[in-house]
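Chemist: Can you read through this structure? Questions will come right after.
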Amino acid sequence: MTTSAKSVRGLGSAGAGTQHHIRQRVTAVALLFLVPWFLYSIIVACKAGYEGALTWVAQPVNAILLILTLSAALYHMRLGIQVVIEDYIAKSGTRQALLILNTFAVIALAAATILSVLKIWFTAGA
Amino acid sequence: MVQLTLPKGSAPKKGKTWPKPEGKKVKKFKVYRYSPEEGGNPRWDTYFVDMDQCGPMILDVLIYIKNNIDSTLAFRRSCREGVCGSCAMNIGGQNTIACTRGWEEIAGPHITIAPLPHQPVVKDLIPDLTNFYAQHAYVQPFLKTDTPEPEKEWTQTEEERELLDGLYECILCASCSTSCPSYWWNGDKYLGPAALLQAYRWLIDSRDEATGERLDDLEDPFKLYRCHTIMNCAQVCPKGLNPAKAIAKIKHMMVERVA
């Protein structure tokens, strides 16, 4: 038996949460600019066919903006999925396992996509 | 996983239908019934009320049913004028207080009346709000100061006092917290809109000196940041308050102290 005060206090305040809140909003602001650029550019690049798309990615400005878009989007996604997991998975062991999996998945996606952009950038015209 | 279905023995079944009286203005009410002594699943009892014999509010309907049809119906009520918050329940699918909601405001062939959602039921329309009250206590809803108390009283300018408008009016009926999906899933850890509205009421009180400690107590992914601005709280508040806005302002204060 525990009192209601004990259960509400629980393990106490984590002393965290605001950083997550800020990062989610900062990445959202970045994406507000990057996503429209990305959508517009990808349509233009696709119209130029496979070779044209490769040339587009190989341009330094495009490659850099692509990497920034991917970084911001994937980080934003990691923060968002973290909230979904915390919302719906009550069991602490399962929750922690899924949070780790979320981080791994995002890092793997980041490595794969960013290295692909770099590969095109560095090898195009070589 | 979050529990999306009702636990065993909680799904309401069809209950008793009470006789329909003669009359031109007879309205049908489906009322949630549960008694721990009787056991078994809860049930929906159907009552017919001649509205010419009954007052305009849902609380009048419940009192009419208890006095004239079925004396076993249990519900909380006290002030019958929207001040005490005792008669909060789910009426026509929306949390509110029965004493200020007119039955004519609710469309449809019948009106459902159920206890506040996602709380343990003591009996019929009476929820167990122990956890809700403990969460209110957690935010320490009283003036905290270190400066020795002035001889007469703590003074406040009119502008400083105005900051408390829209916050102090809360009657702690629990309509907001029990309408919040985030509170449904994580009500054990998330403090909920009612407690957080009260937390903000003391955070911006010009006389209170414990602002930092109060923010420390809320700096938590669950206690505060489970609010996802779903806004059900503001939608249902029978006093027309906006707990979601108060929570957003607490988040602003949190950001302000780090950046």
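Chemist: Taking Cβ-Cβ under 4.7 Å as the only way to count a partner, pick out the unpartnered cysteines of chain B.
Modeler: B:54, B:87, B:99, B:170, B:173, B:180, B:227, B:237 - these cysteines have no disulfide-compatible partner (Cβ-Cβ under 4.7 Å) in chain B.
Chemist: Are there chymotrypsin sites (Phe, Trp or Tyr not before Pro) in the range B:97-168 that DSSP marks as loop and that have at most 11 other Cβ atoms within 10 Å, and which are they?
Modeler: Answer in residue order: B:142.
Chemist: Still on this structure: Between the range B:133-188 and the range A:85-126, what's the alpha-carbon centroid distance in Å?
Modeler: Cα centres, the range B:133-188 to the range A:85-126: 42 Å.
Chemist: Ratio of the range B:13-127's C-alpha Rg to 2.2 N^0.38 Å, to two decimals?
Modeler: That works out to 0.99 for the range B:13-127.
Chemist: May I ask for the net charge around residue B:115, where only other residues with Cβ less than 14 Å from the Cβ of residue B:115 are counted and Lys, Arg are +1 while Asp, Glu are -1?
Modeler: Neighbour charge sum, excluding residue B:115 itself: +3.
Chemist: Does anyone have the angle between helix B:243-258 and the longest principal axis of chain B? Alpha-carbon axes, 0 to 90°, nearest 10?
Modeler: 20
Chemist: Run the numbers for residue A:59 and residue A:20: contour at 0.36 nm per residue of separation, minus the present Cα-Cα distance, in nm.
Modeler: Here the answer is 10.7 nm.
Chemist: Give the relative contact order (percent, whole number) for chain A; include only Cα pairs under 8 Å separated by 6+ residues.
Modeler: 31
Chemist: Just add up the charged neighbours of residue B:227: K/R +1, D/E -1, any other residue whose Cβ is under 15 Å from the Cβ of residue B:227.
Modeler: Summing Lys/Arg as +1 and Asp/Glu as -1 gives +3.
Chemist: May I ask you to compute the full-extension gain from residue B:168 to residue B:154, defined as 0.36 nm times their residue separation minus their alpha-carbon distance, rounded to one decimal in nm?
Modeler: 3.3 nm
Chemist: In addition: Once the piece of chain linking residue B:2 and residue B:239 is laid out straight, how much longer is it, given 0.36 nm per residue of separation minus the C-alpha distance between them?
Modeler: Going from the current span to full extension adds 82.2 nm.
Chemist: Follow-up question, since we're still on this one. Helix B:192-203 sits at what angle to the longest principal axis of chain B, using alpha carbons and giving 0 to 90 degrees rounded to 10?
Modeler: The angle comes out at about 30 degrees.
Chemist: From Cα pairs below 8 angstrom and at least 6 apart in sequence, can you work out the relative contact order of chain B, rounded to a whole percent?
Modeler: About 16 percent, as a whole number.
Chemist: Another question, then. How large is ³J(HN,Hα), in whole Hz, for each residue of the range B:58-71 in order, when computed from phi with the Karplus curve 6.51 cos²θ - 1.76 cosθ + 1.60 and θ = phi - 60°, using x for Gly and Pro?
Modeler: Along the range B:58-71, the couplings run 4, 4, 4, 4, 4, 5, 4, 4, 5, 6, 10, 10, 9, 6 Hz.
Chemist: How would chain A be classified by its alpha-carbon gyration tensor: rounded, prolate or oblate, with rounded meaning a/c under 1.5 and the a/b versus b/c comparison settling the rest?
Modeler: prolate
Chemist: Hey, what's the Kirkwood Rh for chain B if you take every pair of different alpha carbons, in angstrom?
Modeler: One decimal place: 20.1 Å for the Kirkwood radius.
Chemist: Right, something else. Label points 7 Å out from Cα along the Cβ direction at residue B:105 and residue A:107: separation in nm?
Modeler: It is 5.4 nm.
Chemist: Greater than 29 Å separation of Cα atoms is the criterion. Which listed pairs, B:144/B:239; A:47/A:119; B:152/B:245; B:123/B:251, meet it?
Modeler: Beyond 29 Å: B:152/B:245; B:123/B:251.
Chemist: Further question on the same structure: Starting from the 7 Å offset along Cα-to-Cβ, what nm value, one decimal, do you get for the label separation of residue A:35 and residue B:143?
Modeler: My value for the distance between the label points is 4.8 nm.
Chemist: Sticking with this structure for a sec: Give me the percent relative contact order of the range B:137-239, please, defined on Cα pairs under 8 angstrom at least 6 residues apart.
Modeler: Computed value for the range B:137-239: 39 percent relative contact order.
Chemist: Cα convex hull of the protein assembly as shown: how many Å³ per residue?
Modeler: In the protein assembly as shown, the Cα convex hull volume per residue is 220 Å³.
Chemist: Provide the FRET efficiency to the nearest 0.05 for the residue A:99-residue A:119 pair, computing r from the beta carbons and using R0 = 22 Å.
Modeler: 0.10
Chemist: GluC sites (Glu not before Pro) within the range B:110-182: which are DSSP loop residues with at most 12 other Cβ atoms inside 10 Å?
Modeler: Taking the range B:110-182 and a limit of 12 other Cβ atoms within 10 Å, the loop GluC sites (Glu not before Pro) found are B:151, B:153.
Chemist: Can you give me the angle between helix A:92-123 and the longest principal axis of chain A, using Cα atoms only, in degrees from 0 to 90, rounded to the nearest 10?
Modeler: Rounded to the nearest ten degrees, it is 10.
Chemist: Something else now. Given the convex hull over the Cα atoms of the range B:124-259, what projected area results after averaging over all orientations, in nm²?
Modeler: Across all orientations, the range B:124-259 yields a mean hull projection of 9.4 nm².
Values quoted throughout were computed directly from the atomic coordinates according to the rules given, and no laboratory measurement underlies them. Predicted model only: the values in this text are computed from it and were never measured. Cβ sites come from the backbone with ideal geometry, for glycine too, and all protein chains shown count toward neighbours.
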